[in-house]
Amino acid sequence: QRRVHGRYYMEQSRMSGMPMKSLEPESDEEDQEMDEMISSLKSHLKECQKLGKYVEAQMAQNRIAELKEKKSSKRMNKLQSDSEKETKLLSDRYNKELEGLEKKWEEEIETFENEWQEKEKTLQGRHENELAQRRSEYDSKLPEKGHVSNDIVKLKSKEEALAKQGKFEDAHAVKMEILKKENEDNIKWQEERNLIVMKKLQAIINRQNNEREAFNISQRKLMTELERKRDVEIETHEKKYNNAKFNINNDNQKTIKIFEGKNKAKGIPVKAKKPGPIKKEGQRTCLLYTSDAADDTPCVDLGGRRIIKKKK
């Protein structure tokens, strides 16, 4: 197995249970057929050379070169195809893991926001209970009614004097005036009472506002830190992917260059071709012989046709 640089790719390959195969293509049935055909052609070439059949020898030599070039191009296409598949596999794995990371962080942030709201509701409820309790305490310490004003005292004295004098209509009128005055004084006292209570509660309200603001600031800091960790993890994941992709492409390019160098040393041209139509299962390519004349080796050209010699 070829070791791919990049701890990330190797770890993921082990986790997925998929071995990291060598980029060097394995021989398939068609490669074996071509090797056998090249071997047969070499034997044929030697035989033609011995018999002085140089035209056939040249044709065999050309066919050998053609088959070697075809085999080399096929293997080059396989190298490039495997390289693309390997890169795509890594890319698909990265995208899948990135999707999982984003989903995980989305759930974590959503959970944090829900907890934030619950804590805020709890804090608000505690503040409301505290204010209600303190208001009740302050209310209980203040009288329901204020002091009787001097005007009311004088009117009551006047009411009593008129009643003693038998001036009941005038006494009733004074009494109505007293009730009106008492109601006005009571309303005024309630307003003053509320102001006294609110003045005492204001310090508590200010403290609660500061506490609530400090709580929100701390929660926003935690949210910012959570988002920063998310961004760092996603960025780290992306860097690992880019490094693994770079190393894979680099290794694949080295393998391809080595393969090209070997072929160049052997004088075999390499041309990467676009893949042709996919053959159906069961189909095989005939590389040389195409007729029953195949059993007459010395008298068969490279197209499988019988060579008919003219009689002199």
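The values are calculated or read from the model by the stated rules, or taken from the named source; none is laboratory data. On a predicted model such as this, the values are computed, not experimentally measured, just so you know. As a convention, Cβ positions derive from the backbone with ideal geometry for all residues, glycine included, and neighbour counts pool all protein chains shown. Just so you know, the surface numbers come from the protein's heavy atoms only, side chains and all, with ligands and any DNA or RNA stripped out. Shrake-Rupley method; radii C 1.70, N 1.55, O 1.52, S 1.80 Å.
Scanning segment 166-181 for residues being surrounded by 13 or more Cβ atoms within 10 Å (Cβ to Cβ) and under 13 Å from D151 (Cβ atoms) gives a total of 4. Of all residues assigned to segment 126-142, at least one qualifies as being more than 30 Å from E260 (Cα to Cα) and not in a helix (DSSP H, G or I).
Q49 falls short on exactly one of the conditions (1) modelled with pLDDT of 90 or more; (2) open to solvent by 60 Å² or more (accessible area, probe 1.4 Å), and that condition is (1). From the list K104, K88, K21, K96, the one residue that fits, being open to solvent by 30 Å² or more (accessible area, probe 1.4 Å), under 18 Å from N250 (Cα atoms), of a type outside the set (F, W, Y) and at pLDDT 85 or above, is K88.
What about K312, is it open to solvent by 90 Å² or more (accessible area, probe 1.4 Å), modelled with pLDDT of 75 or more, over 30 Å from K119 (Cα atoms) and among the charged types (D, E, K, R)? In short, no. Among the residues of segment 212-249, which ones are in contact (Cβ under 8 Å) with a residue 24 or more places away in the chain and open to solvent by less than 60 Å² (accessible area, probe 1.4 Å)? Hits for segment 212-249 are F215, N216, Q219, M223, L226, I234, H237, Y241, A244, N247, I248, N249. Whenever a residue of segment 182-194 is under 13 Å from V148 (Cβ atoms) and open to solvent by less than 70 Å² (accessible area, probe 1.4 Å), its partners that are outside any helix (DSSP H, G or I) and of a type outside the set (D, E, K, R), lying with C-beta atoms within less than 7 angstrom and at least six residues away or across chains, give the pairs D185/G146; D185/S149; W189/G146. Taking each residue of segment 65-91 that is farther than 17 Å from K264 by Cβ and looking for partners that are open to solvent by 60 Å² or more (accessible area, probe 1.4 Å) and at pLDDT 85 or above with beta-carbon atoms closer than 7 Å, six or more apart or interchain, yields T87/K245; L90/K245. For residues in segment 110-157 being touching an Asp or Glu at 6+ places or on another chain (Cβ under 9 Å) and surrounded by 14 or more Cβ atoms within 10 Å (Cβ to Cβ), which is farthest from E182 (Cα to Cα)? Among residues in segment 110-157 that are touching an Asp or Glu at 6+ places or on another chain (Cβ under 9 Å) and surrounded by 14 or more Cβ atoms within 10 Å (Cβ to Cβ), the one farthest from E182 (Cα to Cα) is L123.
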